[in-house]
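Everything below concerns the one structure shown next.
The values are calculated or read from the model by the stated rules, or taken from the named source; none is laboratory data. A quick note: this is a predicted structure, and the numbers were derived from the prediction, not measured. Here the Cβ positions follow ideal geometry from the backbone for every residue, glycine too, while neighbour counts run over all protein chains shown. Surface areas here come from the heavy atoms of the whole protein model, side chains and all, with no ligands, DNA or RNA. Shrake-Rupley method; radii C 1.70, N 1.55, O 1.52, S 1.80 Å.
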Amino acid sequence: MSSKGEINDLLLRQLIQNFYNGNLNFCLQTDDINTMNWDFQQAFLDATVNSELLKKYPISGKFASLYLKKIIQNLEPNQEVHDDFYSQLCTSMNNLNEDGFSYRHYLIGNDTNNIVTIKETRNMVVNGTTGLKTWEAALMLSDWALSNPEIFANKNVLELGSGVGFTGITISKLCNVKSLTFTDCHNDVLKTVCENIEINLPHYKQETIHGVTMFKNAGKSLNVMMLDWNTLDDLPENVVPDIVIGADIVYDPSILIPLCNVIKTFCFRNKHLEVYIASVIRNEETFSLFLKTLGNMDLEFDKLQLNKSVLINWDESIDKCLLKINARLK
Ligand SMILES: C[S@@+](CC[C@H](N)C(=O)[O-])C[C@H]1O[C@@H](n2cnc3c(N)ncnc32)[C@H](O)[C@@H]1O
């Protein structure tokens, strides 16, 4: 059997990244397969399904079984297949409850030591909300933030329609914010954000005051609170962010005016407020209506460049937009 020194590191890293990125769209050439000896397979298993992180927070059984099956099918004609591939395939096939939650582990900078773990579903709508999965715009916005951490350093950030919290958690972990307030209108979503904060920032101490769940550590705080754009009267006056962010929140024409009202309210509270909204443009008309509504409310915007994924993988081929919005100061 070959020694560890002979492992094809580049291929190993690619297969590990594909696994974490949920990517089944890859081909293995015969030359590659010939390098996937027992030690290679052991290294792959150790970095993925055998890792403590994945044992504690298992990924979707459906994806894991498809991925393992694909590797096994490629290996079988050419290599002795590691026993753990078969046992892990059985485990994942017994864990196919796709209506429920599983965990996704997002690699930052393709580094298996720098991971944001998110409990989420793979379904677009669950319990009447789109907020229980991570959307592409969340990956784009987080990637852009990680490339511009100085914008967020020591700032009080508030996220609108945070969903399960990937963007807010990534920025909290890696951009040295003073505080980050996750907001959404759905109770299941807010409960899941709290769980995701506990997973990723376990050293933060949790307390709940007046319906706001707070996680505190070394002068920094993460807050989770209900904010429905349709019921702005409930917004406490002491919520005054420096920066407002939102990912994939421009999709329903009926909430564009309430959404712009929220942005305007925060602009009134802080005349230096900066707002960053990342969108996947699925419907040109809806997006144009959003821009028009911003204009009608005297909210100026610039379109920021968002070309390539840098530290977080996202689909560069989609129609997208990152807006920076400011109040027009009179
Ligand atoms: C498509 S999801 C995006 C979630 C997350 N930002 C992401 O990109 O992964 C839209 C989010 O907006 C929230 N939302 C929709 N209408 C809302 C409203 N009226 N007030 C507050 N949040 C709302 C939903 O609950 C959901 O979490």
Within segment 211-233, tally of residues that are aliphatic (A, V, I, L, M), at pLDDT 95 or above and either in a loop (DSSP other than H, G, I, E, B) or outside the structural domain of F152 (by TED's automatic domain parsing) (or both): 1
Top-ranked residue in segment 136-161 [being of a type in the set (S, T, N, Q) and within 21 Å of S309 (Cα to Cα); ranked as nearest to the ligand (Cβ to nearest atom)]: S142
Qualifying residue in segment 265-279 (condition: part of a strand (DSSP E or B), open to solvent by 30 Å² or more (accessible area, probe 1.4 Å), under 30 Å from R104 (Cα atoms) and within 14 Å of the ligand (Cβ to nearest atom)): no
Qualifying residue in segment 245-252 (condition: in contact with a Ser or Thr (Cβ under 9 Å, 6 or more places away or on another chain), assigned to a helix (DSSP H, G or I), among the β-branched types (V, I, T) and within 12 Å of the ligand (Cβ to nearest atom)): no
Residue within segment 105-121 that is more than 30 Å from Q305 (Cβ to Cβ), of a type outside the set (F, W, Y) and surrounded by fewer than 16 Cβ atoms within 10 Å (Cβ to Cβ) present: no
Segment 58-82 residues that are in the same structural domain as Q14 (by TED's automatic domain parsing), paired with ones that are of a type in the set (K, R) (beta carbon under 8 Å, 6 or more apart): I59/R104; S60/R104; S60/R122; K62/R122; F63/R122
Of all residues in segment 221-236 being touching a helix residue (DSSP H, G or I) at 6+ places or on another chain (Cβ under 8 Å) and not hydrophobic (A, V, I, L, M, F, W, C), the one that is surrounded by the fewest Cβ atoms within 10 Å (Cβ to Cβ): N230
Selected residue (only one of D248, D302, D242 is open to solvent by 10 Å² or more (accessible area, probe 1.4 Å) and free of Cβ contacts under 8 Å to residues at least 40 places away in the same chain): D302
Test: Q73 is more than 21 Å from the chain's Cα centre (by Cα) and crowded, with 19+ Cβ neighbours inside 10 Å: no
Single residue of K119, K133 found to be assigned to a loop (DSSP other than H, G, I, E, B) and not assigned by TED's automatic domain parsing to the domain that holds A43: K133
Extreme residue, nearest to the ligand (Cβ to nearest atom), among residues of segment 165-180 that are closer than 16 Å to L311 by Cβ and part of a loop (DSSP other than H, G, I, E, B): C175
Qualifying position, being in a helix (DSSP H, G or I) and under 25 Å from the mean Cα position of the chain (by Cα), among L311, L259: L259
All positions within segment 136-158 that are outside any helix (DSSP H, G or I) and either open to solvent by 10 Å² or more (accessible area, probe 1.4 Å) or out of contact with any Asp or Glu (no Cβ under 8 Å at 6 or more places or on another chain) (or both): N148, F152, A153, N154, K155, N156, L158
Residue check for V193: of a type in the set (V, I, T) and part of a helix (DSSP H, G or I): yes
D84 being of a type outside the set (S, T, N, Q) and over 18 Å from N313 (Cα atoms): yes
